[in-house]
2 protein chains.
Amino acid sequence: MTGASAVEEALNRLEKTEEEIRAWVRVDAEGARAAAERTAGGPLKGMPFGVKDIIDVAGLPTECGSALRRGRVAAADAWLVDRLRGAGAVPLGKTVTTEFAYFQPGPTRNPHNVHHTPGGSSSGSAAAVAAGVVPLALGSQTAGSLTRPASYCGVAGYVAPVGAWPTTGITGLSPTLDAPGLLAPDVAALARAVAAVDGTEAETPPFIRVLLWPGTGLVGTDRAMLDALERTGRALVAAGAAIGDLGDSGLTGRLAQAHATVMAYEAARALADEAERPEYLSDPLRELLCRGRNIATREHAAALEVRHVVRARMLRLLENTDAVLGPAAPGPAPHGLAATGDPVLSRPWQLLGLPVVTVPGHRDAHGMPLGLQLVGHPDRVGRLLGVARHTEGLVRRITEGAP
Amino acid sequence: MTGASAVEEALNRLEKTEEEIRAWVRVDAEGARAAAERTAGGPLKGMPFGVKDIIDVAGLPTECGSALRRGRVAAADAWLVDRLRGAGAVPLGKTVTTEFAYFQPGPTRNPHNVHHTPGGSSSGSAAAVAAGVVPLALGSQTAGSLTRPASYCGVAGYVAPVGAWPTTGITGLSPTLDAPGLLAPDVAALARAVAAVDGTEAETPPFIRVLLWPGTGLVGTDRAMLDALERTGRALVAAGAAIGDLGDSGLTGRLAQAHATVMAYEAARALADEAERPEYLSDPLRELLCRGRNIATREHAAALEVRHVVRARMLRLLENTDAVLGPAAPGPAPHGLAATGDPVLSRPWQLLGLPVVTVPGHRDAHGMPLGLQLVGHPDRVGRLLGVARHTEGLVRRITEGAP
């Protein structure tokens with residue numbers, strides 16, 4: 001398919017789905033057509049992509065889901081947008097984010113059931129990929145903002161290690177936690193996009209070693225999700241992998257709490273100017289900023305120390321293990337559009353700044369997607385992607401009923 | 001000494017030295033006295049400290065050495081300032097920074113010879129500690145902005161691993177490279193301050209392993225500096241350490257070049273608004289921003305890939321080695337006040353985001369200080385500080401002529 005026809009196909013599909021899904025803040029059809037004409041080539045030549053509306057695209061506003069940023073046009077592309085342009089891809093427009101990438105939802109609905117949330121904060125990007133409009137979209141994660149919508153919408157997601165991809169041109173919440181990432185229909189497509197961004201090639205190790213993690217004790221993980229995890233673990237063993245048990249001795253719960261402290265503290269400082277105009281903020285965001293202002297720096301420092309100590313331990317563990325495999329969310333997308341679900345199963349890993357790949361394919365009894373997440377070593381992203389691709393193939397065989 | 005008398009002593013010493021040294025942008029005598037009265041206690045009770053003027057102190061302007069920021073009062077303390085307050089220390093005022101922590105010098109002179117630069121960009125903080133005004137000052141490093149002035153002024157310096165100490169409340173140049181840090185008269189005092197900030201305790205390993213690094217081939221390192229390095233290496237061996245050779249096969253030169261690419265690219269984006277008012281910028285800063293704007297994102301991404309690959313290799317090396325020991329600067333502080341010296345020997349390590357301790361004590365034939373730097377593993381800062389403290393003791397014995 002030529003670049004021009006890929007853009008037209010995306011626009012056609014968007015026309016058919018958008019009224020129902022509401023994934024887009026702004027579509028730049030003329031800009032995308034012109035860019036597709038101009039593009040010189042590259043591994044993603046002509047591929048249209050969606051851009052979460054906290055990420056700058058030159059010439060388009062970055063509105064962050066907030067009236068406070070209405071009409072603010074970006075002068076330059078964010079680093080990640082520019083990298084994808086360099087690989088030949090074409091920004092189609094801006095996708096819905098929750099307000100400043102926190103909890104207050106935008107209008108987006110889950111393509112698998114429009115009465116369910118798509119998750120947040122990368123709501124529009126996940127939904128746009130799930131609805132088949134674009135084969136690639138940009139998101140970001142501070143708590144569970146990419147992994148959770150990927151899981152709820154049944155798409156593949158990649159969260160880069162904190163610090164690996166610059167956040168230049170991204171409106172952030174927390175310098176310690178923010179990480180950009182990608183969403184794509186499957187892990188193979190995701191891996192091609194990661195390779196286009198930073199040259200990392202997916203590589204499947206000859207002998208896969210994975211630790212299963214049932215999720216934190218803080219939330220009851222859905223039975224269908226635990227089944228999906230167990231069946232996937234068995235399939236990995238049957239395919240020759242070594243599977244261990246990470247267990248959860250309360251450690252990841254403690255990490256989740258430390259994460260919440262770091263996030264609130266830093267968000268209150270990142271959005272200090274916005275906090276001066278509370279009449280423009282949602283209740284959840286006002287509450288976060290107020291809570292964050294009241295966190296003492298010594299509490300924040302204690303949370304960072306938890307991160308430091310556990311990260312060192314986890315990196316050693318991940319030197320002899322390819323990934324931790326766990327549920328990407330406590331269960332399928334909750335019913336209703338007033339909230340975006342619980343990020344608790346991402347908080348521990350985002351505190352540690354580790355790369356995460358969400359593997360789609362499982363579904364619950366109602367046909368709603370259930371994602372699994374693989375968490376890896378920040379210096380071995382290629383291996384993480386390879387293990388995720390392998391796992392995705394096994395999930396496909398499980399869910400298609402093959403032996 | 002009580003807190004109040006420590007503040008008075010600092011003010012007295014400042015009165016005696018400031019006309020010559022010009023280290024301070026603004027002294028908050030009343031605020032410091034009041035804070036010393038109020039302070040509840042803590043490991044640094046009543047200790048006055050200087051704050052580089054890109055770092056926020058609530059109620060004081062943060063002017064970044066630029067007319068563009070004149071009179072901009074900070075609403076809240078930076079994270080690091082708040083941590084030190086929590087330990088009982090007291091901000092005495094703001095110290096001179098080069099313009100936006102880049103190359104254009106402020107008025108500060110080197111206390112060891114006022115015709116020589118104190119180095120930059122943490123010029124005032126290094127000079128204020130060297131002049132005996134304060135026993136602690138805050139700095140930051142993007143290229144060599146802390147290590148170099150520490151070396152030139154003969155004080156101890158600590159650069160935190162990138163990402164370990166939040167940059168909240170610090171006006172930065174480059175999210176990938178910026179790291180806060182501390183300056184103190186000696187490594188023991190430095191280690192006490194680090195412990196007060198994040199709980200890291202210096203620990204000397206029973207068997208020290210160090211790799212010597214002669215500096216990059218990009219610059220000729222001063223003969224006196226190489227002598228200081230060699231003598232220190234011999235003293236370490238005589239005290240039972242194992243010394244290897246990191247050599248320099250051109251690798252660190254390549255890192256320094258990649259560093260310059262990342263810094264220019266990110267600074268151009270961080271200071272995009274300031275670049276719109278070039279009449280207020282110095283020539284070096286204008287040149288940096290112009291160069292940075294013209295760096296393609298793919299060049300920046302290639303530089304990040306160099307960082308990624310070499311960092312993984314260096315971390316493995318630093319798991320079996322306590323530190324790399326090298327010159328902290330190419331030589332003593334250059335003559336003249338129009339420039340702040342060359343950061344090239346810091347660029348490789350800052351690109352990798354590793355913690356650095358500058359060890360003072362050596363001097364050249366004219367009595368000008370020569371600092372050595374120890375570069376360590378980001379997860380083993382306590383060990384790095386312990387090795388630095390041990391090394392400082394050996395340097396003291398060398399320079400005092402003891403056997």
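Given a 1.4 Å probe and no ligands, DNA or RNA in the count, how much accessible surface is buried by B and A, both sides, to the nearest 100 Å²?
On the way: alone 15390 and 15390 Å², together 28730 Å².
Roughly 2100 Å².
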Binning at 5 angstrom from zero up to the longest distance, how are the C-alpha pair distances of the stretch B:3-198 distributed in percent?
1, 9, 19, 24, 23, 16, 6, 1, 0
Pair-distance profile P(r), taking every C-alpha pair of the stretch B:238-313, with 10 angstrom steps and integer %
17, 35, 23, 14, 8, 2
Just to be sure I understand: chains A and B are related by a rotation, so which residue of A has its Cβ closest to that axis, and how close in Å?
A:163, 3
Note on the stretch B:3-198, DSSP bridge orientation, antiparallel percent to nearest 5 equals 70
In the stretch B:83-101, what residues drop by 10 Å² or more of accessible area when the other protein chains are put back, versus the chain on its own? Use 1.4 Å, and skip ligands and nucleic acids.
B:83
Spelling out what I want: for every residue of the stretch A:129-141, take phi, set θ = phi - 60°, compute 6.51 cos²θ - 1.76 cosθ + 1.60 (Karplus), and round to whole Hz; glycine and proline get x.
6, 5, 7, x, 6, 10, x, 6, 8, 9, x, 7, 9
With a sphere of radius 14 Å drawn around the Cβ of residue B:382, what net charge do the other residues whose Cβ falls strictly inside it have (Lys, Arg +1; Asp, Glu -1)?
-2
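Counting pairs of alpha carbon atoms under 8 Å apart in space and at least six apart in sequence, what relative contact order in percent does the stretch B:3-198 give?
That works out to 22 percent.
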Listed residues A:374, A:136, A:288; largest mean-square fluctuation, Gaussian network over chain A with Cα springs below 10 Å, found at A:288
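D for the stretch A:277-403, whole µm²/s, Stokes-Einstein with Kirkwood Rh over alpha-carbon pairs at 25 °C and 0.890 mPa s: what number? It would help to have the intermediate numbers written out before the result.
Values: Rh = 17.3 Å.
Rounded, D is 142 µm²/s.
Give me the percent of accessible area attributable to carbon and sulfur for chain B, probe 1.4 angstrom. Numbers along the way, then the final one.
Values: 7040 of 14360 Å².
So the carbon and sulfur contribution to the accessible surface is 49 percent.
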The protein assembly as shown, helix-only ellipticity at 222 nm - DSSP H runs n ≥ 4, -39,500 (n - 2.57), divided by all residues, nearest 500
-12500 deg cm²/dmol
Grab the beta carbon distance between residue A:335 and residue A:227, set R0 = 30 Å, and tell me the FRET efficiency rounded to 0.05.
0.90
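Kindly report the accessible area of the protein assembly as shown per residue (heavy atoms of protein chains, probe 1.4 Å, no ligands, DNA or RNA), in Å². Could the numbers behind the result be given before it?
Values: 28730 Å² over 806 residues.
Heavy-atom accessible area per residue stands at 36 Å².
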Could you please state, rounded to a whole Å, how far the C-alpha centre of the stretch A:366-392 is from the C-alpha centre of the stretch B:58-95?
44
Summing +1 per Lys or Arg and -1 per Asp or Glu among the other residues with Cβ less than 15 Å from residue B:215's Cβ gives -2
Mean shadow of chain A, computed from the convex hull of its alpha carbons, in nm²?
17.9
Taking accessible area as the heavy-atom solvent-accessible surface of the protein chains with a 1.4 Å probe, which residues of the stretch A:359-400 lose no less than 20 Å² upon going from the isolated chain to the full protein assembly?
A:379
Would any residue of the stretch B:143-158 have its amide N under 19 Å from a label point 7 Å out along Cα→Cβ of residue B:366? List them or say none.
B:148-155
Just tell me which lysines come within less than 22 Å, Cα to Cα, of residue B:52; anything on the same chain fewer than 8 places away is out.
B:16, B:94
Using every alpha carbon pair in the protein assembly as shown, what percent of pairs falls into each 10 Å bin from 0 up to the bin containing the largest distance?
3, 14, 24, 25, 19, 11, 5, 1, 0
Are there any residues in the stretch A:140-183 with a reduction of at least 10 Å² in accessible surface when going from the isolated chain to the assembly of protein chains? Probe 1.4 Å, please list them by number.
A:163, A:164, A:166, A:167, A:168, A:175, A:176
Choice from A:243, A:170, A:21 with maximal GNM fluctuation in chain A (Cα, 10 Å cutoff):
A:243
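The values are calculated or read from the model by the stated rules, or taken from the named source; none is laboratory data. The shown structure was predicted, so the numbers you read here are calculated from the model rather than taken from an experiment. Positions of Cβ are backbone-derived with ideal geometry, glycine not excepted, and every protein chain shown enters the neighbour counts. Protein only, heavy atoms only, side chains kept; ligands, DNA and RNA dropped before computing areas. Shrake-Rupley method; radii C 1.70, N 1.55, O 1.52, S 1.80 Å.
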